[in-house]
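The values are calculated or read from the model by the stated rules, or taken from the named source; none is laboratory data. Everything quoted here is computed from the prediction, not taken from an experiment. FYI the Cβ positions are ideal-geometry reconstructions off the backbone, even for glycines, and counts take in every protein chain you see.
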Amino acid sequence: MTELLFGPVLSPSEVLFRFWAPLHDRIQLKIEGREVADMEPRDHGWHELTVEGVGASARYSFILPDGLAVPDPASRYQPHDVHGPSEVVDLTSYSWKQTEWKGRPVEELVLYELHIGAFTPEGTFLAAIDKLDHLKELGVTAIQIMPVADFPGAYGWGYDGVLPYAPDSSYGRPEDLMALIDAAHERGICVFLDVVYNHFGPDGNYLPVYAPLFTDRHKTPWGNGINYDGDSSVPIREFVIHNAIYWVTQFRVDGLRLDAVHAIRDDSWEHLLDELARRVREAAGDRHVHLVVENEDNNSDLLRRDPSGKPLLYTAQWNDDIHHVLHRAATGEDFGYYADYQGGAEVIGKALAEGFIFQGEMMPYRGETRGKPTLDLPPTAFISFIQNHDQIGNRALGDRMVTAQPAERLRAIAAVYLLAPQLPMLFMGEEWGAPEPFPYFCDFDEELNEKVRKGRREELSRLPGFDADDLQDPTARETFESAKLDWAATRETSGENWLSFYRDLLRVRRESVVPLLKNARGPGCWATSGEALVVEWQLGSKVLQLLANLSGEEAALPQAAEAPEELLHLGSIEAGAAGPWSVKWSLRNA
């Protein structure tokens, strides 16, 4: 197992405290209940001190020369939030029950994105355990947890984290997260964590006052880029890479989703993303560990495979393109980024068959070139969804499609993405038609809160509704509370009907599509006729065929080979014509 460089090291009768602070020659250690002690300088900016007679539960801070007390940047737990002392945690004290769990191969993944704080009324790791049986019965095989790295305040999306090794205390202790992961594995469910390595949040990030964290040679949407390639950058790279290894080895997660990797700038001979993937896979050994990226650049090089189809770096990418075309079909919305996805059945067919719409072409409304070719990638290199935290939360009201769109439209696009050979991802509550919004929410001090209120309006002004006088306050507790799921709705008639529909779709996927996906190698092919389309993928000795009309008018179908083994028939498709919002999935021999 990889030895972690950052954070305290526990022995039976002592603890070694370590702190990288190259901007200061003198650092002191403060342990609650003890006198402040000078740490011993080491090479390359490190400071260390071994303290006898302390162990797990000890609380400590590092004291800078000006007297500022800061938490350990690799703190395992912050009982009093990001400005308070860190707590020594013995991560080996948790007794794992599922010791033989190796994970699931990529073709079996059905992901379910959730926010710990809004997933249950209690909003904790332990409370989430009670909902795992629901997910298992639904057909989910992996949960994708929004960032848990400690962030300031009592609630937030998690993308403003500042202590990446510490699960946020509002959700519970590190051992509670381990218990959730263990319980998921007991039910055959993988656990993915969303991690943020492109920036640190603005409140509680003390790293820049004692280490060269940022560089003005690279710019990001959040300001100067993280110093991954300049002077003294090696420890910063190690801090992030070891964090990824930490989650995989210490907490036994089955995958990581790396947020907005297009904003990670690095001119090193081996890019941070490449090194991180290589070393995480080495540390994972023979386990199925999957690395996922969010990447606006649609850089397919990160997804490349070896001759056997095994990912060399990253397993899959969240595919906004498939979301945009299906969302536009269901809603008719063409504002903001949806403007680049006109084309109806033609762009839907390309997104389903090839993954990316733009593969080096100019985006007409954005006026920029995006993407690289995907023709050597299998469909399992792409994660498809019709909702996620961003696509709901970046709406002025954080409203879900179910609150405004007819059920027949939502059922049609769900039937498309859940049975397509890409990896599907549901957003929490989608499976029962949950109407609760998922607005952006955070809890900073009042100065930062006002900047967030103003910044959200300015950043998203191109989208409708953000100029309204009654726009929800993203910093208010009631905004966060409005996002909590109402699980009682699963027992109501509408909720039961939606659940039955989703369970049936995922059962068909599990029984008829998943067994074929290990033979998926290249893209599919498609043809259109007006708003009707046919898409086919060769999966070994079988061809998976989709016939669909995702519009409100009847359309003539393109010519397609007969596929006698019907998997699903929604709406009206017969005699070469498809009724509105109709979907048919079938198999035939290759």
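Summary of computed values
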item	result
Residues that are more than 22 Å from Val140 (Cα to Cα) and of a type in the set (A, V, I, L, M, F, W, C), drawn from segment 511-526	Cys525, Trp526
Search result, residues across segment 243-273 that are out of contact with any Gly (no Cβ under 9 Å at 6 or more places or on another chain) and part of a helix (DSSP H, G or I)	Asn243, Ala244, Ile245, Trp247, Thr249, Val261, His262, Leu272, Leu273
Filter pass, Phe335 being assigned by TED's automatic domain parsing to the domain that holds Leu423, aromatic (Phe, Trp, Tyr) and in contact with a strand residue (DSSP E or B) (Cβ under 8 Å, 6 or more places away or on another chain)	no
Single residue of segment 294-329 satisfying the filter (of a type in the set (A, V, I, L, M, F, W, C) and crowded, with 22+ Cβ neighbours inside 10 Å) that is nearest to the chain's Cα centre (by Cα)	Trp318
Subset of segment 107-125 [over 17 Å from Met178 (Cα atoms), surrounded by fewer than 24 Cβ atoms within 10 Å (Cβ to Cβ), touching a Ser or Thr at 6+ places or on another chain (Cβ under 8 Å) and of a type outside the set (D, E, K, R)]	Val110
Given (1) part of a loop (DSSP other than H, G, I, E, B); (2) under 25 Å from Ser482 (Cβ atoms), number of the condition Tyr77 does not satisfy	(2)
Any hit, segment 259-275, residues being closer than 28 Å to Val89 by Cα and under 17 Å from the mean Cα position of the chain (by Cα)	yes
Selected residue (criterion: surrounded by the most Cβ atoms within 10 Å (Cβ to Cβ)) from residues of segment 351-369 that are closer than 15 Å to Tyr338 by Cβ and touching a strand residue (DSSP E or B) at 6+ places or on another chain (Cβ under 7 Å)	Phe358
Lone unmet requirement of (1) within 19 Å of Val253 (Cβ to Cβ); (2) assigned to a loop (DSSP other than H, G, I, E, B) for Thr92	(2)
Top-ranked residue in segment 374-422 [being among the polar types (S, T, N, Q) and within 23 Å of Phe335 (Cα to Cα); ranked as surrounded by the fewest Cβ atoms within 10 Å (Cβ to Cβ)]	Thr403
Scan of segment 549-583 for residues that are out of contact with any Lys or Arg (no Cβ under 7 Å at 6 or more places or on another chain), buried (at least 17 other Cβ atoms within 10 Å of the Cβ) and under 20 Å from Val347 (Cβ atoms), ordered by number	Asn549, Leu550, Ser551, Ala555, Leu557, Pro558, Ala560, Ala578, Pro580, Ser582, Val583
Enumeration of residues in segment 159-212 that are within 23 Å of Glu238 (Cβ to Cβ) and among the hydroxyl-bearing types (Ser, Thr, Tyr)	Tyr159, Tyr165, Tyr197, Tyr206, Tyr210
One residue from Val15, Val54 being over 28 Å from the mean Cα position of the chain (by Cα), buried (at least 19 other Cβ atoms within 10 Å of the Cβ) and not in a loop (DSSP other than H, G, I, E, B)	Val15
Complete set of residues in segment 1-42 that are at pLDDT below 95 and closer than 25 Å to Arg237 by Cα	Met1, Thr2, Glu3, Leu4, Leu5
Matching residues in segment 355-392 - criterion: being more than 21 Å from His290 (Cβ to Cβ) and touching a Pro at 6+ places or on another chain (Cβ under 6 Å)	Gln359, Leu375
Cβ-Cβ under 7 Å pairs, at least 6 apart or on other chains, segment 273-289 side free of Cβ contacts under 8 Å to residues at least 24 places away in the same chain, far side outside any helix (DSSP H, G or I)	Arg281/Val289
